[in-house]
1. Can you tell me how many residues in segment 23-41 are free of Cβ contacts under 8 Å to residues at least 24 places away in the same chain and over 12 Å from the mean Cα position of the chain (by Cα)?
2. Could you check, for segment 61-72, whether at least one of its residues is assigned to a loop (DSSP other than H, G, I, E, B), of a type in the set (D, E, K, R), modelled with pLDDT of 95 or more and loosely packed, with under 12 Cβ neighbours inside 10 Å?
3. I'd like the full set of residues that are in a loop (DSSP other than H, G, I, E, B) and either within 8 Å of the ligand (Cβ to nearest atom) or basic (Lys, Arg) (or both), limited to segment 7-48.
Amino acid sequence: MKLRVNPIACKGHGLCAELVPELVRLDEWGFPILDDADVPRSLEPHARRAVADCPTLALALERTATPRPRATMRLARTRPH
Ligand code: SF4
């Protein structure tokens, strides 16, 4: 999952940076700069809280595509005759 911000909705309250400073830092005007990396599992609860508490609903958690398991080659079984 990745944390995303809607820059039009965001009003620069800075609450998100207080709740998940590991993922959000603020620019000089108080607007969030988000790390583009996936949210580590250990921080997901904090990221969800930041999303829920954003006063303008500008934050969202986006699912990222999980890598599909590699296709496995099936070997034909041969029965002993
Ligand atoms: S809490 Fe919401 S409105 Fe405030 S800076 Fe973060 S994203 Fe923007």
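1. Filtering segment 23-41 down to residues free of Cβ contacts under 8 Å to residues at least 24 places away in the same chain leaves 25-30, 33, 40-41.
From what is left, the residues that are over 12 Å from the mean Cα position of the chain (by Cα) are 25-30, 33.
Summing the residues that are free of Cβ contacts under 8 Å to residues at least 24 places away in the same chain and over 12 Å from the mean Cα position of the chain (by Cα) in segment 23-41 gives 7.
2. Of segment 61-72, the ones assigned to a loop (DSSP other than H, G, I, E, B) are 63-72.
Filter once more, so that each one left must be of a type in the set (D, E, K, R): 63, 68, 70.
From the residues that got through so far, the ones that are modelled with pLDDT of 95 or more too are none.
The answer is no, given that none of the residues of segment 61-72 is assigned to a loop (DSSP other than H, G, I, E, B), of a type in the set (D, E, K, R), modelled with pLDDT of 95 or more and loosely packed, with under 12 Cβ neighbours inside 10 Å.
3. Here is the first cut: in segment 7-48, the ones in a loop (DSSP other than H, G, I, E, B) are 7-14, 20-23, 27-31, 35-40.
The answer is Ala9, Cys10, Lys11, Gly12, His13, Gly14, Gly30, Phe31.
The values are calculated or read from the model by the stated rules, or taken from the named source; none is laboratory data. All of these numbers come straight from a predicted model, not from anything done at the bench. Using ideal geometry, Cβ is built from the backbone for each residue, glycine included, and neighbour counts are taken over all protein chains shown.
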